[in-house]
Amino acid sequence: MDYVDRLRALREDRDVGQEQIAAVLGCQQSAISKYENRRAKYSVEDIIRLCAFYHVSADYVLGLPEDLPYPKR
């Protein structure tokens, strides 16, 4: 499952319509359809807004493991 699938699953699991997500992102419903059907890509800003809307982390949406070791500086 990639981030597009995960965002769609979040929307469907919470019974949120594409129209509602379009309102959150400030776009048309047709744009959400294009995102979900992989004819367009979400912007980073849109992913951030959707993480806040769904109250989930970007790591979750992107499918990153919880124990991902980050490089030391």
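The values are calculated or read from the model by the stated rules, or taken from the named source; none is laboratory data. Only a predicted model underlies this, so the values are computations on that prediction, with no experimental measurement involved. Reconstructed Cβ throughout: ideal geometry from the backbone, glycine too, with neighbour counts over all protein chains shown. Keep in mind that these areas ignore ligands, DNA and RNA; they rest on the heavy atoms of the full protein, side chains included. Shrake-Rupley method; radii C 1.70, N 1.55, O 1.52, S 1.80 Å.
Values computed for the structure shown
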| read-out | value |
| --- | --- |
| Odd one out for D2, checked against (1) touching an Asp or Glu at 6+ places or on another chain (Cβ under 8 Å); (2) open to solvent by less than 80 Å² (accessible area, probe 1.4 Å) | (1) |
| Given (1) over 10 Å from the mean Cα position of the chain (by Cα); (2) open to solvent by 30 Å² or more (accessible area, probe 1.4 Å), number of the condition A58 does not satisfy | (1) |
| Residues of the stretch 17-52 satisfying the condition of being of a type in the set (A, V, I, L, M, F, W, C), in contact (Cβ under 8 Å) with a residue 24 or more places away in the chain and either open to solvent by less than 30 Å² (accessible area, probe 1.4 Å) or under 19 Å from M1 (Cβ atoms) (or both) | I21, L25, I47, L50 |
